Amino acid sequence: MDSRSYKDHFFKKAKVQGYRSRSAFKLIELNDKFKFLKNGIKLLDVGSFPGSWCQVAREKIKNGKILGIDKKEVKAIQGVKFVRGDFLDKKLKLIAVEYFKSNIDVILSDMAPNTTGNKSVDSIRINELCLAILNFSKKTLSKDGVVISKFFMGEDFEEIRTTAKKCFKKIDFFKPNSSRNESRETYIHCSRLST
Ligand SMILES: C[S@@+](CC[C@H](N)C(=O)[O-])C[C@H]1O[C@@H](n2cnc3c(N)ncnc32)[C@H](O)[C@@H]1O
């Protein structure tokens, strides 16, 4: 399938299934592989606009607590709380901590800054967001918690791997089929927090 028909395929599939974006299928694939969406969990989704990951989380989690954060306003989803703001801002991190009141079970980040067209700059910027998520997770995740974050396979990949390895005993990398082949986007899955 070429890039355009690939995009169209997932776009149509999302429309038919009522998802706000085709990104929904990336989370579905990640969950099929790592099985982290469980009833009763506390889940933080950072970079949640337009909301398809929260839609999927809402379908799969019963009696849980879900918080979505994005710089952009996200249209309401029943059973999900959204806060608008920049996750790099200390205030937003405090809001997340206060909202859950205790440690978080699953932290997801699909954050992506606006692209500049310069591959190297784009990769550095997205990977800074991934590092921010890893650093936040080591302070806020529950003992058996899981963090999944998008990053770009690029020159600073080694820094992500080293940081993750310091904080977690188990790390995996996964590129969903619904993520375009030509995109350098990949996801890191971390579990078993080091004490
Ligand atoms: C690819 S979209 C996320 C799609 C989402 N997972 C979904 O399924 O609907 C990336 C989002 O990251 C957000 N973002 C980028 N940097 C951010 C930051 N520093 N704080 C909060 N959100 C951010 C953007 O506003 C954008 O909406």
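The values are calculated or read from the model by the stated rules, or taken from the named source; none is laboratory data. On a predicted model such as this, the values are computed, not experimentally measured, just so you know. Cβ sites come from the backbone with ideal geometry, for glycine too, and all protein chains shown count toward neighbours.
Here are a few things to note about the model shown:
- Of the residues examined, residue 93 is one that is surrounded by 16 or more Cβ atoms within 10 Å (Cβ to Cβ) and among the basic types (Lys, Arg).
- Residues of the range 12-49 classified as among the aromatic types (Phe, Trp, Tyr) and within 13 Å of the ligand (Cβ to nearest atom), total: 3
- Among the residues of the range 67-101, those that are without any contact (Cβ under 8 Å) to a residue 40 or more places away in the chain, away from the ligand (no atom under 13 Å from the Cβ) and either more than 25 Å from residue 39 (Cβ to Cβ) or not acidic (Asp, Glu) (or both) comprise 76, 78, 79, 81, 94, 99, 101.
- Qualifying residues in the range 112-151 (those that are in a strand (DSSP E or B), out of contact with any Leu (no Cβ under 7 Å at 6 or more places or on another chain) and charged (D, E, K, R)) - the one nearest to the ligand (Cβ to nearest atom): 150
- Flag if residue 109 is within 13 Å of the ligand (Cβ to nearest atom), under 23 Å from residue 170 (Cβ atoms) and within 16 Å of the chain's Cα centre (by Cα): yes
- Residue that is farthest from residue 46 (Cα to Cα) [pool: residues in the range 102-126 that are at pLDDT 95 or above and of a type outside the set (A, V, I, L, M, F, W, C)]: 103
- Selection from the range 50-66 of residues that are within 12 Å of the ligand (Cβ to nearest atom) and not in a helix (DSSP H, G or I): 50, 51
- The set of residues in the range 31-66 that are of a type in the set (Asp, Glu), closer than 23 Å to residue 171 by Cα and without any contact (Cβ under 8 Å) to a residue 24 or more places away in the chain contains only 32.
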